[in-house]
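The values are calculated or read from the model by the stated rules, or taken from the named source; none is laboratory data. Everything quoted here is computed from the prediction, not taken from an experiment. Counting neighbours? That spans all protein chains shown, and the Cβs are built from the backbone with ideal geometry, glycine included.
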Amino acid sequence: MPSSQISITSKLPTTGISVFSVMSQLASECGALNLSQGFPGFPINSRLISLVNRYMEKGHNQYAPMPGLPELRARLSQIIETLYGRHYSPAEEITITAGGTQALFTAIAALVGPGDEVIVFDPSYDSYGPSIALAGGIPVFCQLSAPHYRIPWAEVRELITPRTKMIVVNNPHNPSGTVWTSQDLLALEKITEGTPIIVLSDEVYEHIVLDQRIHESVAKNEKLSERSLIVGSFGKTLHATGWKMGYIAGPGKLIQEFRKVHQYNVFSCNTPIQWAISEYLEDEQVYRNLRDFYTSKRDIFLKGLEGSCFAWTPAEGTYFQLLNYEKISTDNDFDLARKFTRQNGVASIPVSVFNHSGKDDKMLRFCFAKDEQTLEKATKILRQL
């Protein structure tokens, strides 16, 4: 049958190519500094590469167990308990995933059904809405306000209905760089208390909290932990986003449902890398040092912008910094992001694409997970705008 005769009813009729791919491709075409897509612009640790190679040479190249390597799950259980005071059974409550996005997608596919409502906070990571739609669920968007993007808990309470199945939270928050306080955890606990609502907590930047802040994982709260799935990312922690390695932790009854889908969605993840990560994480400084490492990079970026026409609130977490450009241009953020890439040689992400409504706060997101030379080159250009 000719392809022209094939009838397709798209499951995502309004979805196009991800803005991250669009802006990275444009940066490549224009030879621009790519501060758009969120990946580190420096090498990963040479010891970690050696460990992967060693485990490959030792023959660990076949399927890992479906839930993940037992040694790595045990390591994660120990880390989570040390950091957040909550024990998760390596056997029943932790699963290794092919990155954070796969964990999010699979959790939604496993637990959200037709007609279920899922509360999402905009601006939000762009995979949430499509994942919910593919599961037959209904995304219910709660708009956060610039420049601080704090969660309006009174509004959230009004959004909850008998059909609310899940709330997706993201802390530290991408794209704003906002970090939750202990009061946010208490507010979420109170709002969900006495309900069957599941919390899907995207904590992929858990170790990238800046200055002297503390990551308030939902694992810290006993009542929340009983209804929450927590998603983490080795890619973010180890500067190796291309490995697509992550994990999910939560109560056994939720992880059991997650694994039912995971086994057919991915089955298992990269075996030698799991072995390498398990050994590499014996050194807790691998993740504890990220605070100072990325605080320094953020400060280099912001110091380089002093005297510019941009306005900002320093990022509290993640490796993203939002810049307000209202004093520079009246263009919409998407047009301006493309203009800066083509004409000025610095690529960013327009924040409106993270809003379901397209709300434009005149904000651009810049990734500062780059080497010092790149940050200096980029800020020199941005200072002149």
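A compact table of results
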| quantity | calculated |
| --- | --- |
| Filter result (of a type in the set (S, T, Y), surrounded by fewer than 23 Cβ atoms within 10 Å (Cβ to Cβ) and under 19 Å from the mean Cα position of the chain (by Cα)) within region 89-107 | T101 |
| Strands (runs of 3 or more DSSP E) within region 90-187 that include 2 or more residues under 17 Å from Y205 (Cα atoms) and at pLDDT 95 or above | 94-97, 164-170 |
| Matching entry among V52, V19 (being of a type outside the set (D, E, K, R), out of contact with any Lys or Arg (no Cβ under 9 Å at 6 or more places or on another chain), assigned by TED's automatic domain parsing to the domain that holds A276 and closer than 23 Å to T101 by Cβ) | V52 |
| Answer from Q263, Q212 - the residue that is out of contact with any Leu (no Cβ under 7 Å at 6 or more places or on another chain) and outside any loop (DSSP other than H, G, I, E, B) | Q263 |
| Index of the failed condition, V353 passing every other in (1) out of contact with any strand residue (DSSP E or B) (no Cβ under 7 Å at 6 or more places or on another chain); (2) buried (at least 19 other Cβ atoms within 10 Å of the Cβ); (3) part of a loop (DSSP other than H, G, I, E, B) | (3) |
| From the options G242, G307, residue that is assigned to a loop (DSSP other than H, G, I, E, B) and surrounded by fewer than 23 Cβ atoms within 10 Å (Cβ to Cβ) | G307 |
| Output for region 356-373, where each listed residue is under 19 Å from P43 (Cα atoms), surrounded by fewer than 17 Cβ atoms within 10 Å (Cβ to Cβ) and touching a strand residue (DSSP E or B) at 6+ places or on another chain (Cβ under 9 Å) | D371 |
| Subset tally (residues that are in contact with a Leu (Cβ under 9 Å, 6 or more places away or on another chain) and on the phi > 0 side of the Ramachandran plot) for region 276-328 | 1 |
| Tally of residues being in a loop (DSSP other than H, G, I, E, B) and either of a type in the set (D, E, K, R) or within 23 Å of the chain's Cα centre (by Cα) (or both) across region 324-350 | 4 |
| Number of positions in region 188-203 that are in a strand (DSSP E or B) and of a type in the set (V, I, T) | 2 |
| Of all residues in region 1-60 being aromatic (F, W, Y) and in contact with a strand residue (DSSP E or B) (Cβ under 9 Å, 6 or more places away or on another chain), the one that is farthest from K236 (Cα to Cα) | F20 |
| Residues (over 11 Å from R157 (Cβ atoms) and within 20 Å of the chain's Cα centre (by Cα)) located in region 183-197 | D184, L185 |
| Residue in region 81-88 that is surrounded by 15 or more Cβ atoms within 10 Å (Cβ to Cβ), at pLDDT 95 or above, among the charged types (D, E, K, R) and under 19 Å from A276 (Cα atoms) present | no |
| Sole residue being in contact (Cβ under 8 Å) with a residue 12 or more places away in the chain and under 27 Å from S127 (Cα atoms), chosen from L290, L382, L281, L302 | L290 |
| Some residue of region 198-210 being assigned by TED's automatic domain parsing to the domain that holds E81, more than 19 Å from the chain's Cα centre (by Cα) and closer than 26 Å to D122 by Cβ | no |
| Residues (in contact with a strand residue (DSSP E or B) (Cβ under 8 Å, 6 or more places away or on another chain) and of a type outside the set (A, V, I, L, M, F, W, C)) located in region 216-240 | S217, R227, S228, G232, S233, G235 |
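Here's the yes/no breakdown for (1) among the aliphatic types (A, V, I, L, M); (2) touching an Asp or Glu at 6+ places or on another chain (Cβ under 9 Å); (3) assigned by TED's automatic domain parsing to the domain that holds T237; (4) on the phi < 0 side of the Ramachandran plot:
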position	(1), (2), (3), (4)
G136	no, yes, yes, no
F141	no, yes, yes, yes
A146	yes, yes, yes, yes
W153	no, yes, yes, yes
L159	yes, yes, yes, yes
T181	no, yes, yes, yes
A187	yes, no, yes, yes
K190	no, no, yes, yes
P196	no, no, yes, yes
